[in-house]
Structures are given as structure tokens and as C-alpha cells.
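Undergrad: Can you keep this structure in mind? I'll have questions shortly.
Nothing in this text is a laboratory measurement; each read-out follows from the coordinates by a stated rule. If you're wondering where the values come from, they're calculated on a predicted model, not measured in any experiment. In this analysis, Cβ positions are derived from the backbone assuming ideal geometry, glycine residues included, and neighbour counts consider all displayed protein chains.
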Amino acid sequence: MGWHQVPLGSTLQRELNLPVLVENNVNALAIAERLYGVGRLHENFLVVTIGTGIGAGMMVDGVVLRGWGGGAGEIGHIPIESDGPLCTCGNHGCLESIIGEAALVRVARERGIIGEQSGISALRVAADSGNAEATRIFSEAGHLLGRTLAGIVHTLDPEIVIVLGEGTAAWKHWSFGFEPAFRSSLIPSRRGVAVAVETWQDESWAQGAAALVLATPFDAEDMAGDQGRLVRERLVEQASPQPGPHS
Ligand SMILES: [Zn+2]
């Protein structure tokens, strides 16, 4: 949204008079996966989102890896090309500036595959109908994603990689470039790592946010701090029967 240094949590808390947890959207998805998805069976997994941005949530031994300031997993800003396109972060040639939705649309317009006013859905429709230039844009993006994710698999050693996000609607075209690039870039002992691509609905972001709240009773490391305590108190309060319209 182009917001910087906005004290979102404290502002919302004041306006709503509710405890507020603030988390990176992909980390929230990883927590939802841990509670309800593939992550129920795995303590070490990687959630990767493709779409407007490229992001990762990294579950390591059952805990989201947040880093020093909560900024871990910003794989969209891995530097790829030193003189590449301008990225939203201000740098040039980040992964996201090459394979994010805006980049794919820009290239498709430049190559005349879609009209100047058309967007990613028009590009997907073109690819679905067999336009070779359109499918090539997705498979080239998949190739670069595959090589980059191989590096992250080598760094974190997850049991499984879960691909999510609005971009997965075109995954069959991405996978054309992704699979060979990913497998051939992995060292032999990691080459069999599983990749799951899940059907995406935009509600998934909201489910991630809800999972963040529902995970607080299990927040043994107290990552949610004081707000986590307030959430837990509220969950207990709501669980006990009380008179009124909500009982
Ligand atoms: Zn960037």
C-alpha cells in the first residue's frame, strides 16, 4: 500500500479496543498451514507465494523463522540482475522485479501478447489457449523461481515446499520451467524434496490472519508478546458461557 513506518498495531488497537497482532502475510499463511494444512504433518516446511509479490514463510522445527526484525523470508528481494528492472523496494533486479505479476504483464505488453490495458488474467487466458509466447513468459518465470528456491532449500532443508498465492492459477505454465530448473539445481541428496501447489482463494490470506490469533495458545516462545497475552485472555473469556446476544 506504499505505507512506511505506520504504527498499524497500536492505531488499530486504539480504534477497535481489541488486542491486535501484526504479522507478515506470508508468515500468517505458514501458521495456517501448520495448524490446518500440509504443515500438520511437517515441522520443517517452506511456504512460497507467487503473485503481486514473491514471498516466503519459513517454518523451522515448528516455529516461523522471523529473523531479527520480523523481516525474514523476503525472497522477492533476492538480487538476481545487477542492472535489472526497478523493484518496489528501490533496488534493481530483485527476483520480484523480474517474475512478479507486474513484471510478467509489462513483458507481455512489450511483446504484444496482450493489449496495453490488459493484465495478468489476459496473459493466463492466452497461455491457456496455447499461445506459445504467453506460455514462455510463465515458464521463464518458473525457471528463475526454480533456481532461486533450490538455493533456499539448500539453506533451510525443508521437508516440503508449498506454493500458494494468486499466481498459482497459471501454475501449469510456471511448472514447465520450474520443475526442470528446480530439480537440476538441487544437490542430489535434496533432489526429491516434495513440492505441493495448493488451490488458491483470496480468503486464504484471511484464514492466515485468523490462524495467527488461534495459534497464540501454543505460542510457547511468546513471540506475540503482550498482545498475545491479551488475545489468550480474550479467547478464555469468549469460551466461558455468558449471557447476552453472543451466547
Ligand atoms: Zn526489491
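Undergrad: Please arrange Phe45, Phe218 by counting, for each residue, the other beta carbons lying within 10 Å of its beta carbon, fewest first. All intermediate terms of the calculation are to be shown ahead of the outcome.
TA: Numbers: Phe45 26, Phe218 11.
The fewest-first ordering by Cβ neighbours comes to Phe218, Phe45.
Undergrad: Moving on. Which distance in nm do the two modelled labels at Arg106 and Glu133 give, with both placed 7 Å along the Cα-to-Cβ direction?
TA: Going by the 7 Å Cα→Cβ label model, 1.9 nm.
Undergrad: Run through every distinct alpha carbon pair of segment 111-247 and return the Kirkwood hydrodynamic radius in angstroms, one decimal place.
TA: Kirkwood hydrodynamic radius for segment 111-247: 18.5 Å.
Undergrad: What whole-number value in cubic angstrom gives the convex hull volume per residue for the C-alpha atoms of segment 1-99?
TA: Given the Cα convex hull of segment 1-99, per-residue volume reads 129 Å³.
Undergrad: In segment 88-122, which trypsin sites (Lys or Arg not before Pro) fall in coil by DSSP and have 15 or fewer other Cβ atoms within 10 Å? Could the numbers behind the result be given before it?
TA: Details: sites: Arg106, Arg109, Arg111; in loops: Arg111.
Qualifying residues, ordered by number: Arg111.
Undergrad: Once the other residues with Cβ under 14 Å from the Cβ of Pro79 are scored (Lys, Arg +1; Asp, Glu -1), what is the net sum?
TA: -3
Undergrad: Once you charge only the Cβ atoms, +1 for Lys and Arg and -1 for Asp and Glu, what is the size of the charge dipole of segment 23-207 about its Cα centre, to the nearest 20 debye?
TA: That gives segment 23-207 a dipole magnitude of about 380 debye.
Undergrad: What does the net charge come to around Ala32 if you take all other residues with beta carbon closer than 13 Å to its beta carbon, with K and R at +1 and D and E at -1? Walk me through the numbers before you get to the answer.
TA: Details: positive: Arg34, Arg40; negative: Glu23, Glu33, Glu198, Glu203.
The answer is -2.
Undergrad: Here's another thing I want to ask about it. Given 0.36 nm per residue, what is the gain on full extension from Tyr36 to Ala239 after removing their alpha carbon distance, in nm?
TA: Details: separation 203, 0.36 × 203 = 73.08 nm, distance 2.06 nm.
Full extension of this stretch gives 71.0 nm more.
Undergrad: How big is segment 23-207 by Rg and Dmax over its Cα atoms, in Å?
TA: 16.0, 47
Undergrad: Taking θ as phi - 60°, what are the ³J(HN,Hα) couplings along segment 51-59 by the Karplus curve (6.51, -1.76, 1.60), each to the nearest whole Hz, with x for Gly and Pro?
TA: x, 3, x, 10, x, 9, x, 10, 9
Undergrad: Let me ask you something else. Expressed as a whole number of Å, what is the distance separating the alpha-carbon centroids of segment 95-147 and segment 172-190?
TA: 19
Undergrad: Could you give the length gained on full extension between Ile78 and Glu159, defined as 0.36 nm per residue of separation minus the Cα-Cα distance, in nm? Don't skip to the end; give the middle numbers.
TA: Details: separation 81, 0.36 × 81 = 29.16 nm, distance 2.21 nm.
Separation in residues times 0.36 nm, less the Cα-Cα distance, equals 26.9 nm.
Undergrad: Something else about it: Subtract the Cα-Cα distance of Glu179 and Trp68 from 0.36 nm times their separation in residues, and report this length gain in nm to one decimal. Write out the running numbers ahead of the final one.
TA: Details: separation 111, 0.36 × 111 = 39.96 nm, distance 3.26 nm.
Computed gain between Glu179 and Trp68 is 36.7 nm.
Undergrad: Points 7 angstrom from Cα along the Cβ direction at Asn91 and Asp226: gap in nanometres?
TA: Output for this residue pair reads 3.4 nm.
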